[in-house]
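Report on the structure given below.
The values are calculated or read from the model by the stated rules, or taken from the named source; none is laboratory data. Keep in mind that this is a model prediction, so the values were computed, not measured. Quick reminder, even Gly has a Cβ in these numbers, built from the backbone with ideal geometry, and neighbours come from all protein chains shown. Note: areas computed on protein heavy atoms with side chains; ligands, DNA, RNA excluded. Shrake-Rupley method; radii C 1.70, N 1.55, O 1.52, S 1.80 Å.
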Amino acid sequence: MTTDNIMSGVVIKGSRRVAIQDYPIPVPGVGEVLLEMQASGLCGSDLRAIYRPENPKSEGAEGYRGVIAGHEPCGKIVAIGQNVSPEWKVNDRVVVYHIHGCGSCRECRAGRFISCHSETGREAYGWQRNGGHSDYILTSAADLVRLLEPLSYIDGSVIACGLGTAYAATLRAQISGLDTVLVTGMGPVGLGAALLAQKEGANVYGLEVDPARRQAAEELGIYTLDGASPKVKETIIELTGGYGPSVVIDCSGHPSARLTGLEVAREWARIVFVGEGGSVTFDVSPLVIHKSLTIYGSWVCSISQMESLVENLVKWKLFPEKVVSHVFSVHEAEKAYALFDSGKSGKVIIASEEEAKRWKESK
Ligand SMILES: [Zn+2]
Ligand SMILES: [Zn+2]
């Protein structure tokens, strides 16, 4: 929806306000590529760090510089700047790894742009440089991951942040068919982690207090317990043959869910903290030392992990758009954020007219 080389972009203003502004369609420079946006996800971190606060932070990794929001972009290449590898061609379908790194620090060299050390070279799309809630996005070619057929653009958008994060957590715990996994918090990331852990061969259980999210997880084949039930710990122990899970992935960020995970975990279990914010208090000796637990923190994923995720989703025939409950246009961004903020939805996506139509017809 563009006229006279003008595109629309969504800016988040804090205090639950959203604005739609006009921008000139950018021209790709050296090492850059212009994408026509097809799908751009809303993320819990947008709500927590930009949408809800009265004055969003402007500094640091989650500092928001008033740019076009949306850090889960997926689209199609429409123009290519100078000095871009010939592997990228017009019409290629791509996922944007949403953090641009300096390219030369130790973390960038390992493909972990998320942890880039550079104060000036690290910029996240939708936070410090223009993101995906728009008709077009200017990207660095170094940040692109090829979207393989038959994955859809909406699948790609889910991969770009949430599912990549979930995948890295499952890799961190080295999940296999020998494991019984408990995922706490069945929002989009938790649901993704549970679906991936199943494909990696594990027996998987979910834990969630919200009935709608519990039902959505059940519909996707994840047996999910009510986190508010007073007997939930006993039930988990019983379901896992009296031993407790060998892996716990916390995607809730909630103190009581984290504690439950540590309490029900069997000896030598691996615990991965993924859900952001908040705290947890526990007795170190009985819960961690005497049970010989290993606790990991896991933040997003590396770009090579994102590439391997795309490849494995095709192999597993796992199409992550099934965690998506609502699709809106750029111009409906206000409605999209209000719904997502209410907690009464699954994953919410802003998509092109064409991609929204395909998604609706596929339901
Ligand atoms: Zn995100
Ligand atoms: Zn770097």
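Report every pair of residues separated by at least 6 positions or lying on different chains whose Cβ atoms are under 6 Å apart, first residue within segment 198-221 and farther than 21 Å from V232 by Cα, second surrounded by fewer than 17 Cβ atoms within 10 Å (Cβ to Cβ). Once the first residue is farther than 21 Å from V232 by Cα and sits in segment 198-221, its partners that are surrounded by fewer than 17 Cβ atoms within 10 Å (Cβ to Cβ) give K199/W316; G201/S176; G201/G177.
P245 passes every criterion in (1) touching a residue at least 60 places away in the same chain (Cβ under 8 Å); (2) over 19 Å from the mean Cα position of the chain (by Cα); (3) open to solvent by 50 Å² or more (accessible area, probe 1.4 Å) apart from (3). Among the residues of segment 230-238, is there at least one that is at pLDDT 95 or above and under 16 Å from L191 (Cβ atoms)? No, segment 230-238 contains no residue that is at pLDDT 95 or above and under 16 Å from L191 (Cβ atoms). Taking the criterion of being within 20 Å of L34 (Cα to Cα) and within 16 Å of ligand 1 (Cβ to nearest atom), the residues of segment 93-118 that qualify are V95, V96, Y97, H98, I99, H100.
For segment 89-98, indicate whether the set of residues that are within 16 Å of ligand 2 (Cβ to nearest atom) and surrounded by 16 or more Cβ atoms within 10 Å (Cβ to Cβ) is non-empty.
So in segment 89-98, the residues within 16 Å of ligand 2 (Cβ to nearest atom) come out as 97-98.
With the extra rule that they be surrounded by 16 or more Cβ atoms within 10 Å (Cβ to Cβ), the set shrinks to 97-98.
Yes.
Looking at (1) out of contact with any Ser or Thr (no Cβ under 7 Å at 6 or more places or on another chain); (2) polar (S, T, N, Q); (3) within 16 Å of ligand 1 (Cβ to nearest atom), which one does S40 not meet, given that it meets all the others? Among (1) out of contact with any Ser or Thr (no Cβ under 7 Å at 6 or more places or on another chain); (2) polar (S, T, N, Q); (3) within 16 Å of ligand 1 (Cβ to nearest atom), S40 violates only (1).
In segment 134-219, counting only strands (runs of 3 or more DSSP E) that sit wholly within it, the ones holding 3 or more residues that are crowded, with 19+ Cβ neighbours inside 10 Å span 136-140, 180-184, 203-208.
One line per residue, one yes/no per condition, for (1) part of a helix (DSSP H, G or I); (2) closer than 24 Å to L171 by Cβ; (3) in contact with a Phe, Trp or Tyr (Cβ under 7 Å, 6 or more places away or on another chain):
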| residue | (1), (2), (3) |
| --- | --- |
| T235 | yes, no, no |
| G241 | no, no, no |
| G244 | no, yes, no |
| V248 | no, yes, no |
| S252 | no, yes, no |
| S256 | yes, no, no |
| L259 | yes, no, yes |
| L262 | yes, yes, yes |
| E267 | no, yes, no |
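With respect to the conditions (1) more than 16 Å from ligand 2 (Cβ to nearest atom); (2) in a loop (DSSP other than H, G, I, E, B), G60 lacks only one, and its number is (1).
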